[in-house]
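A.B. asks: Have a look at this one.
The values are calculated or read from the model by the stated rules, or taken from the named source; none is laboratory data. A quick note: this is a predicted structure, and the numbers were derived from the prediction, not measured. Neighbour counts run over all protein chains shown; Cβ positions are idealised from the backbone, glycine included.
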Amino acid sequence: MTKIPYKIYLTEDEMPTQWYNIRSDMKQKPAPLLNPGTGKPLTLEEMEHVFCTELSKQELDNDTKWIEIPEPVMNFYRMFRPSPLVHAEFLEKALDTPAKIFYKFEGNNTSGSHKLNSAIAQAYYAKKQGLKGVTTETGAGQWGTALSMACQYFGLDCKVYMVKCSYEQKPFRREVIRTYGGSIVPSPSNTTSVGRKILAEHPDTTGSLGCAISEAVEIATTTEGYRYVLGSVLNQVLLHQTIIGLETQAALKKYGIKPDVLIACTGGGSNLGGFASPFMGEILRGEANYKIIGAEPASCPSFTRGTYAYDFCDTGMICPLAKMYTIGSQFIPSSNHAGGLRFHGMSPILSELYDQKLFEARAYEQTNVFEAAEIFAKAEGILPAPESSHAIRAAIDEALECKKTGEEKVIVFNLSGTGYFDLYAYKQFNDGTMTDVIPSDEVIREALAKLPKL
Ligand SMILES: *Cc1c(COP(=O)(O)O)cnc(C)c1O
């Protein structure tokens, strides 16, 4: 066998040129988005009012297996792709495990995350349609950064609603967004009617992703030449993110490595979906079997404690309904929670596959997650994003299990991004002031009681 290098790079010629649509291989398709007014599946015409036309078509396309990556998007990808698949030799040594650990590194661009993979595709389709600009929300800030980078590349205006507590905790993230010409408003704000309503009811709220989404959608649907774009959850986003999994597959194949366990963190599901769906497709087609794990925060546990039901994607209850694992659109994670992944719901594609038991989910407390982040940072020399550190925690736990059993499993995880803008959270961890706030059953029951009645 060829010696495996520390970093496996594909050449540009070996880069995938199509995205993979896992829905084409699903017998039971993900449930459609519903119009909250009529309770009927959203039509293309209704969707085009909110999203770009081509992206709406991708959202509804359950059949086309391979979708060509447009040439201008491929060109942009070459700035930061193919991304390396790293053999985590130093981490293996630090853990003294017989397991083989690999990670796909998606943090090697200024947004510091995988989000740029979809941002550039969405900006491209908006430009092609002749739009003036797009609106969006951002939680931790990676999506807003990625989108402002993508919009300036294609000459589009970019308005970002940023969850208020992140806006305050991450002042430097704002400056990156502004450097790329994006404008940024802390949410909830008084620039929208839904924001004013939420502020009147909860004057002290630190905001939530769901609330920022309501504001961004309101502006997009009431401003000429604008559409709304979303950085996770949607089928189209998972589609664009499959570039991660397809490159991982190609890199593993290049060195004849067969993975046993595949791991990614889950907020709205885009990096798990993008990283794992080419492998999930193999399982669905009966070609292979893998253990796949989604790692989520115990303070926002959509998969492990949620319900599979139709729910709003936003706090303001103006967006379409999605059938997904949810802990309720009115659920707001504790403001002590610093680890990202704050969305109450989950991708409808992943929700359907989770319901079919194609993969498993685990919830981790944030102090446990930051311990894993520290082990990884010391061993591999990259300061991981708190979000990604949930996947690191799961990978380390799997590797430590191998140490007990002596198994030489191949564990591959997605390092979705870096944590250089998350130093406030690292400070809490280093000061020993980080706490784990886990919602009680009652809090979750109350939030689930407000699920829409269909
Ligand atoms: C946004 C983000 C996530 C969570 O979103 P998913 O859609 O679940 O992937 C994870 N890691 C990083 C670095 C992010 O920026």
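A.B. asks: Here is a list: ALA251, ALA220, ALA276. Which entry is in a helix (DSSP H, G or I), surrounded by fewer than 24 Cβ atoms within 10 Å (Cβ to Cβ) and not assigned by TED's automatic domain parsing to the domain that holds THR145?
C.D. replies: After ruling out the rest, the residue left standing is ALA251.
A.B. asks: Please work out if SER299 is away from the ligand (no atom under 16 Å from the Cβ) and of a type in the set (Ser, Thr, Tyr).
C.D. replies: No: the conditions fail for SER299.
A.B. asks: Let me ask you something else. Would you mind listing the helices (runs of 4 or more DSSP H) fully within region 24-142 where at least 3 residues are within 16 Å of the ligand (Cβ to nearest atom)?
C.D. replies: Output list reads 116-128.
A.B. asks: So, in region 120-145, how many residues would count as being out of contact with any Phe, Trp or Tyr (no Cβ under 8 Å at 6 or more places or on another chain) and more than 18 Å from VAL185 (Cβ to Cβ)?
C.D. replies: 6
A.B. asks: For ARG78, all conditions in the list (1) touching an Asp or Glu at 6+ places or on another chain (Cβ under 7 Å); (2) surrounded by 15 or more Cβ atoms within 10 Å (Cβ to Cβ); (3) more than 30 Å from GLY406 (Cα to Cα) hold save one; what is the number of the exception?
C.D. replies: That leaves (2) as the condition not met.
A.B. asks: So the check is Cβ under 8 Å with 6+ separation or different chains; which pairs have a first residue in region 80-102 that's assigned by TED's automatic domain parsing to the domain that holds ALA373 and under 16 Å from SER416 (Cβ atoms) and a second one that's assigned to a loop (DSSP other than H, G, I, E, B) and among the acidic types (Asp, Glu)?
C.D. replies: What qualifies is SER83/GLU106.
A.B. asks: On to the next question. Check LEU34 against each of (1) surrounded by 17 or more Cβ atoms within 10 Å (Cβ to Cβ); (2) more than 30 Å from GLY417 (Cα to Cα); (3) at pLDDT below 95 and name the one condition it does not meet.
C.D. replies: Exception for LEU34: condition (3).
A.B. asks: Ok, one more. Restricting attention to region 1-12, report how many residues are outside any loop (DSSP other than H, G, I, E, B) and modelled with pLDDT of 95 or more.
C.D. replies: Total satisfying the criteria: 2.
A.B. asks: Which condition number does GLY286 fail, the rest of (1) among the small types (Gly, Ala, Ser); (2) free of Cβ contacts under 8 Å to residues at least 60 places away in the same chain; (3) within 16 Å of the ligand (Cβ to nearest atom) being met?
C.D. replies: Exception for GLY286: condition (3).
Yes or no, residue by residue, for (1) over 25 Å from the mean Cα position of the chain (by Cα); (2) away from the ligand (no atom under 16 Å from the Cβ); (3) more than 30 Å from VAL412 (Cα to Cα):
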site	(1), (2), (3)
LYS197	yes, yes, yes
GLU201	yes, yes, yes
ALA212	no, no, yes
THR222	yes, yes, yes
TYR255	yes, yes, no
ASP260	no, yes, no
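A.B. asks: Here's another thing I want to ask about it. Run down SER166, SER148, SER208 and say which single residue is touching a strand residue (DSSP E or B) at 6+ places or on another chain (Cβ under 8 Å), at pLDDT 95 or above and within 16 Å of the ligand (Cβ to nearest atom).
C.D. replies: Within the list SER166, SER148, SER208, the selection yields SER148.
A.B. asks: Identify, from the list GLY381, GLY328, GLY294, the residue that is under 17 Å from the mean Cα position of the chain (by Cα), assigned by TED's automatic domain parsing to the domain that holds LEU262 and in contact (Cβ under 8 Å) with a residue 60 or more places away in the chain.
C.D. replies: The unique qualifying residue is GLY294.
A.B. asks: Report the residue count in region 393-408 for those that are within 14 Å of the ligand (Cβ to nearest atom) and free of Cβ contacts under 8 Å to residues at least 24 places away in the same chain.
C.D. replies: 0
A.B. asks: Within region 417-435, is even one residue free of Cβ contacts under 8 Å to residues at least 24 places away in the same chain and within 16 Å of the ligand (Cβ to nearest atom)?
C.D. replies: The answer is yes, given that some residue of region 417-435 is free of Cβ contacts under 8 Å to residues at least 24 places away in the same chain and within 16 Å of the ligand (Cβ to nearest atom).
A.B. asks: What number of residues within region 361-384 satisfy the criterion of being farther than 19 Å from TYR424 by Cα and away from the ligand (no atom under 16 Å from the Cβ)?
C.D. replies: Selection size over region 361-384: 2.
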